[in-house]
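Visitor: Dropping the structure in here first, questions after.
The values are calculated or read from the model by the stated rules, or taken from the named source; none is laboratory data. Just so you know, these numbers come straight off a predicted model, no measurement behind them. All Cβ positions, glycine included, derive from the backbone under ideal geometry; neighbour counts span all protein chains shown.
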Amino acid sequence: MATDVHRPVNHQVTEEPTAEASTAEEPKRDASKAEAPRPAQAVRVEGLTRSFDGRAVIDDLRLDVRAGEFVALLGRSGCGKSTLLRILAGLDRDIEGTVLVPRRKAVAFQAPRLMPWKKVWRNVLLGLPGKPARAVADQALGEVGLSHRTDAWPKTLSGGEAQRASLARALVREPDLLLLDEPFGALDALTRIKAQRLVGELWQRRGCAVLLVTHDVEEAVLLADRVLVMDEGVIAHEQAIDLDRPRDITDPRFAEIRGQLLERLGVDTAAEAA
Ligand SMILES: Nc1ncnc2c1ncn2[C@@H]1O[C@H](COP(=O)(O)OP(=O)(O)O)[C@@H](O)[C@H]1O
Ligand SMILES: [Mg+2]
């Protein structure tokens, strides 16, 4: 059943969030006609349910993400993380509940999904409305350190480069919400560390909200303001990460938070250390 609840929030950010921003009043049908900005919030999800063949994978889920907040989403394989991300991206509207997201949003998946018959810069502009100038792609490719590869064919890129191109494609949309589904999952360890650092820098520069789906607890603690654990169709646990940035994985508090989250995920940390 297609629903009419997938509407954009008004993503204008005011200097001082008004009290109205935090009230759970019924959202306006057309955000562009909303009287007051609903600042401070990038995502608002309430009572979200998504079923496949009668089985609720997402079951009355609630989620709020502040504007500019970096949130990481953990959870065992098959618990519904990608399903939730696809709903937030507007790729799956067969839902019940309320889902409010910014108009400007972008998504990057584990597979970079580049069109092999288009050069890198054309891939970056793919799907953008109007006739965007090449300079738009070049600028984004510069931001992800790919200035030297703008004219390359996708098949000549390394895995890390392809993932950077995919990030550039997300950035040209100037998103207020960046959705990342295990974007580093297929990268080797060193490339992964570089890509994580890049995402952290891009987030700080752009100031957009990020929802990063990952199975890597360390990555979540390294990057996020808040880490969520999904289980049984809901956000079963959340933890604010109040460590200074840049974060130091050798910091004992880092290890402590990591251990707590692993425990939440049902990983025996004592066995892991052994
Ligand atoms: N299009 C679909 N049709 C049927 N079942 C699906 C579909 N998409 C996802 N699922 C099921 O929903 C559950 C959650 O999947 P997914 O969101 O991909 O999990 P995760 O990303 O957490 O590993 C899985 O059991 C998966 O098989
Ligand atoms: Mg997934």
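Visitor: Quick one: in the stretch 200-216, of everything that is crowded, with 22+ Cβ neighbours inside 10 Å and aliphatic (A, V, I, L, M), which residue is farthest from residue 187 (Cα to Cα)?
Guide: 209
Visitor: Please go through the stretch 64-78 and pick out each residue that is in a strand (DSSP E or B) and within 15 Å of ligand 1 (Cβ to nearest atom).
Guide: 72, 73, 74
Visitor: Is the stretch 124-138 home to any residue that is of a type outside the set (Asp, Glu), surrounded by 14 or more Cβ atoms within 10 Å (Cβ to Cβ), at positive phi and assigned to a loop (DSSP other than H, G, I, E, B)?
Guide: No, there is no match, as no residue in the stretch 124-138 is of a type outside the set (Asp, Glu), surrounded by 14 or more Cβ atoms within 10 Å (Cβ to Cβ), at positive phi and assigned to a loop (DSSP other than H, G, I, E, B).
Visitor: Residue 81 passes all but one of (1) within 16 Å of ligand 1 (Cβ to nearest atom); (2) more than 15 Å from residue 212 (Cβ to Cβ); (3) not hydrophobic (A, V, I, L, M, F, W, C); which number fails?
Guide: Residue 81 satisfies all of (1) within 16 Å of ligand 1 (Cβ to nearest atom); (2) more than 15 Å from residue 212 (Cβ to Cβ); (3) not hydrophobic (A, V, I, L, M, F, W, C) except (2).
Visitor: So, one more: Which one of these does residue 11 not meet: (1) at pLDDT below 95; (2) farther than 20 Å from residue 102 by Cβ; (3) not basic (Lys, Arg)?
Guide: Among (1) at pLDDT below 95; (2) farther than 20 Å from residue 102 by Cβ; (3) not basic (Lys, Arg), the lone unmet condition for residue 11 is (2).
Visitor: In addition: With the requirement that a residue be outside any helix (DSSP H, G or I), among the acidic types (Asp, Glu) and more than 23 Å from the chain's Cα centre (by Cα), what does the stretch 238-260 give you?
Guide: Across the stretch 238-260, the qualifying residue is only 251.
Visitor: Just to be sure before I move on: is residue 61 outside any loop (DSSP other than H, G, I, E, B), near ligand 1 (Cβ under 9 Å from one of its atoms) and modelled with pLDDT of 95 or more in the structure I sent?
Guide: no
Visitor: Ok, one more. Which ones in the stretch 79-112 are surrounded by 18 or more Cβ atoms within 10 Å (Cβ to Cβ) and in a strand (DSSP E or B)?
Guide: 97, 98, 99, 100, 101, 102, 105, 106, 107, 108
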